[in-house]
Amino acid sequence: MSFINLLWVLLLGSLLGLELIGKVPPTLHTPLMSGANAISGITMLAALTLIVKAGGNVPLLIIGSVSLGFALFNVVGGFFVTDRMLAMFNRKPSSKK
Amino acid sequence: MNLPVIIKFVIDLLAVLLLALGIKGLSKVKSAREANRLAAFAMSLSVIGLLSYYLGTSGIAIQSWIWIIIGSIIGSLFGAILAKKVPMTSMPETVALFNGCGGMSSLLVALGVAIFPISNTPENFDFFKSLINEVSISVSIFVGAITFTGSIVAMAKLQGWLSTPGWTQSKVRHFVNIVFAVASLIAFFDLINGNTSTIWLLVIVSSLLGIGVTLPIGGADMPVVISLLNSYSGIAAASAGFVVDSQLLIVAGAMVGAAGLILTQVMCKGMNRSLVSVLFGGSLSAQSTTSSGSGEYTNITSCSVEECALTLEAANKVIIVPGYGLAVAQAQHTLREVTKKLEQNGIEVVYAIHPVAGRMPGHMNVLLAEADVPYEQLKEMDVVNPDFPATDVVLVLGANDVVNPQAKNDSSSPLYGMPVLDVQEARTVFVIKRGMSAGYSGIKNDLFDLPNTSMVFGDAKKVLNDLIGELKDLGVGEK
């Protein structure tokens with residue numbers, strides 16, 4: 001993948017991100033932030049790549065593993081915590097008067 | 001193109017699509033929960049795609065598997081436990097902590113690649129490619145470190161582990177931060193020039209910059225900062241994508257980075273603050289010490305829970321204004337019991353939610369939802385403000401700055417211009433508060449001095465419990 005192509009990917013990804021969120025009700029600010037935050041843990045893919053390509057280099061394996069741990073902490077924790085918050089909104093309709 | 005490449009391409013494409021739909025869905029109440037799950041599914045899909053690609057091409061060594069399993073189990077376990085255990089009141093700092101760890105992950109990847117170059121064989125050395133590599137490594141380290149230390153400081157401040165040191169409110173802080181910024185720029189370019197020894201300098205000064213920038217920011221502005229740092233961690237992920245040559249990382253990182261920026265902007269608007277003043281203005285409390293905002297209260301009316309109950313019983317319309325104090329006292333369930341009683345008596349009850357009530361936008365909504373408050377009873381500021389003149393009783397529970405009339409009347413006040421709830425328009429206002437201490441901004445609240453305001457001193461939960469007792473005695477809600 002040439003660098004120029006990667007730049008295109010970056011540009012289009014940014015534009016997509018700008019368009020995705022238009023109007024957000026204040027209620028959803030925290031869950032949205034938390035969900036987006038979980039997605040930013042996508043660096044786990046980079047950590048995985050590092051570990052796979054490390055070969056027998058033990059220090060690199062350790063760095064990759066720690067990095068993967070941090071990323072998954074972010075991803076798993078982030079999605080769970082977002083789900084916990086959103087679960088509270090969702091059981092509402094029943095109590096409507 | 002061989003099969004593993006095609007499979008990975010299709011999976012990546014699908015993952016990007018689902019992630020985009022996930023972010024989109026998270027911005028609507030109805031679809032939010034499904035969207036979150038969709039995004040989580042997309043993330044797992046992307047891992048499967050990557051692993052299957054390596055299995056189909058170079059293969060994955062046993063040793064690598066071991067370290068993958070160790071890292072993922074430990075990380076996931078801690079993340080899941082924390083996410084389950086943490087109380088709803090500490091949501092903002094939890095998000096900050098998660099975010100910081102994401103930044104740390106990008107930082108470590110870049111560091112690993114920088115110290116142990118993976119495939120830099122001299123024969124296919126490409127100057128342009130290695131330049132890009134070094135630039136993206138430097139960006140990853142720089143942004144990753146700022147995200148990490150900034151988030152940790154934000155978390156520590158929200159937890160109350162760190163206060164705002166005095167010097168960070170003086171002009172000195174700008175000088176210090178400029179020094180850090182210049183130092184990181186120097187290290188940055190030195191690193192790009194191939195001088196890898198400066199990598200540690202870059203790590204250290206960008207970490208310090210993260211601390212130096214976040215430390216002076218006051219608590220009320222923290223949500224904005226966390227949102228901004230969240231955007232940074234997206235940027236860090238995208239630049240890590242350049243380091244390991246992954247389009248999926250770049251797209252996802254760029255999406256989060258851009259979406260985070262928009263969200264930050266939306267939050268700033270809600271507080272009537274500009275991003276610049278949040279970042280460089282310092283905390284509100286520091287400025288207020290010299291302004292007219294500080295001063296003695298002259299006309300405080302204190303009243304008993306019993307009086308409060310009597311007034312509530314006679315009311316037709318009651319508006320509840322929740323704030324951080326409610327969250328701290330964990331009184332949301334008790335509050336719900338009180339309002340249930342009032343409703344059974346035919347009293348109309350709504351909750352006025354200021355955009356920045358609590359420590360984070362949406363904080364109060366989450367908290368009240370936990371206590372089974374119907375979603376329709378939560379009213380946003382713009383909707384509820386015209387209702388105050390027709391309201392009999394307003395109960396202010398642990399909110400302070402968001403009901404300060406100074407923001408409207410006193411142009412010298414540091415709060416001036418911030419949109420507030422016009423509670424003083426109501427016939428009677430009860431403020432339930434532990435003592436006369438100032439709110440987060442450290443500014444005197446003129447509301448407390450008004451003749452139609454009565455203070456009920458005590459812990460929110462205890463006062464509400466007493467209130468339930470009093471209402472029972474009055475026969476409210478007994479059918």
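Worth a mention:
- Counting Cβ atoms of other protein chains within 10 Å of each residue's Cβ and taking the mean over peptide B:363-374 gives 5.
- FRET efficiency, 1/(1 + (r/R0)^6) with R0 56 Å, evaluated for B:TRP200 and B:SER412 via beta carbons: 0.70
- Whichever aspartates and glutamates have a C-alpha closer than 15 Å to that of B:LYS157, once near sequence neighbours (fewer than 8 apart) are set aside: B:GLU93, B:ASP221
- Projecting the Cα atoms of B:VAL420, B:LEU107, B:VAL243 onto the charge dipole of chain B, computed from C-beta unit charges around the Cα centre, puts B:VAL243 farthest toward the positive end.
- Phi angles of the range B:446-453 translate, via the Karplus equation with coefficients 6.51, -1.76, 1.60 and θ = phi - 60°, into HN-Hα couplings of 5, 4, 5, 8, 5, x, 8, 9 Hz per residue; Gly and Pro are given as x.
- Packing here is the average count of other Cβ atoms within 10 Å per residue, and on that basis the peptides B:39-51, B:389-401, highest first, run B:389-401, B:39-51.
- FRET efficiency for the pair A:LYS23 and B:ARG336, taken as 1/(1 + (r/R0)^6) with r the Cβ-Cβ distance and R0 = 30 Å, rounds to 0.55.
- Protection proxy ranking, peptides B:63-70, B:130-137, average beta carbon neighbours within 10 Å, highest first: B:130-137, B:63-70
- FRET E, pair B:SER44, B:LYS462, Förster distance 45 Å, beta-carbon r, rounded to 0.05: 0.45
- Chain B: DSSP helices with Cα axial extent of at least 24 Å and average Kyte-Doolittle hydropathy no lower than -1.0: B:3-26, B:32-56, B:62-85, B:91-115, B:127-159, B:172-192, B:222-244, B:247-271
- Working ranking of peptides B:80-88, A:45-53 by packing, defined as the average number of other Cβ atoms within 10 Å per residue, highest first, is A:45-53, B:80-88.
- Per residue of chain B, the DSSP helices (runs of n ≥ 4 H) give a summed -39500 (n - 2.57) that works out to -19500 deg cm²/dmol at 222 nm.
- In the range A:26-87, Cα pairs under 8 Å separated by at least six residues give a relative contact order of 49 percent.
- Cβ charges +1 (Lys, Arg) and -1 (Asp, Glu), total dipole of chain A, debye: 560 debye
- For the range B:14-32 versus the range B:236-265, the gap between their alpha-carbon centres in whole angstrom: 16 Å
- Cα long-axis angle, helix A:44-53 against chain A (0 to 90 degrees, to the nearest 10): 20 degrees
- Taking Cα centre as origin and charging only the Cβ of basic (Lys, Arg, +1) and acidic (Asp, Glu, -1) residues, the dipole magnitude of chain B rounds to 760 debye.
- Listed by Cβ neighbour count within 10 Å, with the fewest neighbours leading, A:LEU32, A:LEU60 appear as A:LEU60, A:LEU32.
- Cβ-based charge dipole, chain B, positive-most Cα from B:THR149, B:ILE186, B:GLY71: B:GLY71
- Cα gyration tensor, the protein assembly as shown - rounded (a/c under 1.5), prolate or oblate: prolate
- With a 10 Å cut-off around each Cβ of B:39-50, the average count of Cβ atoms from other chains is 4.
- P(r) histogram, all alpha-carbon pairs of the range A:26-87 included - 5 Å bins from 0, percent: 4, 21, 22, 16, 12, 10, 7, 5, 2, 1
- Difference of contour (0.36 nm per residue) and Cα-Cα distance, B:VAL182 to B:THR298: 36.7 nm
- Only Lys, Arg (+1) and Asp, Glu (-1) charged, at Cβ; the protein assembly as shown dipole about Cα centre in debye: 820 debye
- When its C-alpha radius of gyration is set against 2.2 N^0.38 Å (N residues), chain B gives a value of 1.14.
- Set B:LYS340/B:LYS408; B:LYS317/B:LYS408; B:LYS30/B:LYS408; B:LYS24/B:LYS379; B:LYS28/B:LYS171 screened for pairs whose C-alpha atoms are more than 30 Å apart: B:LYS340/B:LYS408; B:LYS30/B:LYS408; B:LYS28/B:LYS171
- Kirkwood analysis of the range B:1-50, using all unique Cα-Cα pairs, places the hydrodynamic radius at 11.1 Å.
- Each listed q (0.12, 0.24 Å⁻¹) maps to a log10 I(q)/I(0) for the range B:348-415 from the Debye sum over equal C-alpha point scatterers, namely -0.34, -1.23.
- Shielding score for B:136-145, defined as the mean number of other chain Cβ atoms within 10 Å: 1
- By the beta-carbon count within 10 Å of each Cβ, the least crowded to most crowded order of B:HIS174, A:HIS29, fewest first, is B:HIS174, A:HIS29.
Bear in mind that the values in this text are calculations on the coordinates, not laboratory data. The model shown is predicted, which means the values in this text are computed figures rather than measured ones. In this analysis, Cβ positions are derived from the backbone assuming ideal geometry, glycine residues included, and neighbour counts consider all displayed protein chains.
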